[in-house]
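The values are calculated or read from the model by the stated rules, or taken from the named source; none is laboratory data. Bear in mind that the values here come from a model prediction, so they are computed numbers and not experimental data. Glycine gets a Cβ as well: all are built from the backbone with ideal geometry, and neighbour counts include every protein chain shown.
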Amino acid sequence: MRKHILFYTSDETFTVLLKKAVRTLSVHLESFGPTTCFNMAQLALLRSADLLLLDLEGLPEVVFEQLSADIDRPPVLIFTDHYTVQQYRKALALQPRCFLTKTAPALQIRQAIELELMAPAGNNAPVPFAPDPKSKPGSRVYIKTGKLLKALEAEGITFVFSENQSCYIRYNQQIHATNYTITELEEQLSPVLVRVHRSFLVNPLHISVVFPKRNQIEVEDTLIPIGDTYRESFLNRLRLL
């Protein structure tokens, strides 16, 4: 059965991003705004949903107060233009499960939604901040394994590769299959991992040898090709002494 997600925003760009984030999930995404005040029918619709996605800047104060006081509403994920402590403190009145910027990568938003939809019923403790790999390279990422999401430390990922229309992560000398494309993983894991080939992302911390003339990199026990398109930008990142 598909999960029902309601979102509230007047930002068309953010609406497009949300639709991109959930396009491979088994969910029904529906807008319930903008509005200045909920009527009874809207409240009934809201309470029937599995998850609310709220744009904090676009939320009128009356609606904010209605949602804060409604103990029967579903869990909330908050999105904001301004990633500040002040905005976070304001959002606490809604007891959000997650607090993200509206410029977060689609994959990060998708993972936050997946985590919440998989959470046990009744688990309403708020999550202070969602990790942002671009500002905090040591953040965790989550890989879907069956019905579970397995946590991986981003800096521990040695490389990512695509093969036969599937994408895999090498972590602690083990291979983990993912449901994502290499482009989605590049967006999510930058700048921890860098693109060196159309089929490879590499973590520079785990490179042992670079062979410029052979256009190859050695990562642990694996030789990885350097594509012509990425060669110059990759070599320019290296610190030469």
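Being assigned by TED's automatic domain parsing to the domain that holds ILE109, within 21 Å of GLU114 (Cα to Cα) and not aromatic (Phe, Trp, Tyr) is not true of LEU43. Within the stretch 148-164, being in a strand (DSSP E or B) and in contact with a strand residue (DSSP E or B) (Cβ under 7 Å, 6 or more places away or on another chain) holds for LEU149, LYS150, ALA151, LEU152, GLU153, ILE157, THR158, PHE159, VAL160, PHE161.
When the stretch 71-84 is filtered for residues that are assigned to a loop (DSSP other than H, G, I, E, B) and surrounded by 14 or more Cβ atoms within 10 Å (Cβ to Cβ), the ones remaining, listed by number, are ARG73, PRO74, PRO75, ASP81, TYR83. Looking only at residues that are in a helix (DSSP H, G or I) and aliphatic (A, V, I, L, M) in the stretch 47-70, which one is farthest from LEU17 (Cα to Cα)? That would be ALA69.
Among the residues making up the stretch 188-237, those that are under 17 Å from GLU155 (Cβ atoms), in a loop (DSSP other than H, G, I, E, B) and at pLDDT below 90 are SER190, PRO191, VAL192, GLU220. Checked against (1) assigned to a loop (DSSP other than H, G, I, E, B); (2) farther than 23 Å from TYR142 by Cα; (3) within 28 Å of the chain's Cα centre (by Cα); (4) of a type outside the set (D, E, K, R), LEU240 passes all but a single condition, namely (3).
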